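Comments concern the structure below.
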Amino acid sequence: MKEALFRTYTYIGKVELWLAKAGVMIFTALIFLSALSRTVGYPLGWAQDWAIFVFVWCVFFSADACLRQDKLVTVDVVTSHLSPRVNAWLKVFNWLLIIAFLAFLVYYGVSLTYTSRFVRFQGLPHFSYSWVAVSLPVGAGLMFITSGVKFFEHLKNMQRLENGGAN
């Protein structure tokens with residue numbers, strides 16, 4: 001069971017990274033197409049709207065991909081002067097704070113998605129804003145899972161350190 005969950009988690013991470021990369025290429029192409037068409041006198045209003053839609057999804061997929069690979073920016077000016085034990089407990093507190101915030105985002109993101117179901121997305125008359133809003137609970141949910149995994153890995157590492165490095 002644990003192996004299957006790990007494989008699923010890894011597969012979702014690969015799909016997410018692929019979607020983020022594809023999203024960057026798509027919104028870049030759409031913005032370029034929009035600028036080019038405006039330059040020749042035939043502006044495509046829909047291209048920027050689709051680029052914004054793709055960009056929003058890309059942001060959340062990229063954020064989780066960075067979180068999975070520990071590539072987020074960290075500032076350790078204060079923590080570098082603390083003892084390893086204090087750092088470890090500070091990290092526990094940070095992970096709990098992050099998980100609580102992401103749970104909040106999922107909850108209110110679902111609410112936002114539901115309440116915006118009849119709102120049209122900018123220049124796309126037959127496209128609901130909910131498709132943009134649902135990126136919030138989906139992205140926060142993915143980061144919630146990743147944060148939970150990272151939190152439990154950290155707890156396991158803390159336990160190993162307290163037991164003298166024994167496995």
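Every number in this text was worked out from the coordinates using simple rules, so none of it is lab data. Here the structure is a predicted model, which means the values were calculated and not measured. Virtual Cβ from ideal backbone geometry, glycine too; neighbours counted across all protein chains shown.
Summary table
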{"item": "Filter pass, Trp50 being surrounded by 11 or more Cβ atoms within 10 Å (Cβ to Cβ), touching a residue at least 40 places away in the same chain (Cβ under 8 Å) and in contact with a strand residue (DSSP E or B) (Cβ under 9 Å, 6 or more places away or on another chain)", "result": "yes"}
{"item": "Conditions (1) farther than 22 Å from Ile52 by Cβ; (2) of a type outside the set (Phe, Trp, Tyr); (3) within 15 Å of the chain's Cα centre (by Cα); number of the one not met by Leu136", "result": "(1)"}
{"item": "Residue match in segment 71-88 (condition: in contact (Cβ under 8 Å) with a residue 24 or more places away in the chain, in contact with a Pro (Cβ under 9 Å, 6 or more places away or on another chain) and part of a helix (DSSP H, G or I))", "result": "no"}
{"item": "Selection within segment 15-35 - closer than 14 Å to Phe53 by Cβ and either surrounded by fewer than 13 Cβ atoms within 10 Å (Cβ to Cβ) or of a type in the set (A, V, I, L, M, F, W, C) (or both)", "result": "Leu19, Ala22, Val24, Ile26, Phe27, Ala29, Leu30, Ile31"}
{"item": "Any hit, segment 105-127, residues being in a helix (DSSP H, G or I) and in contact with a strand residue (DSSP E or B) (Cβ under 8 Å, 6 or more places away or on another chain)", "result": "no"}
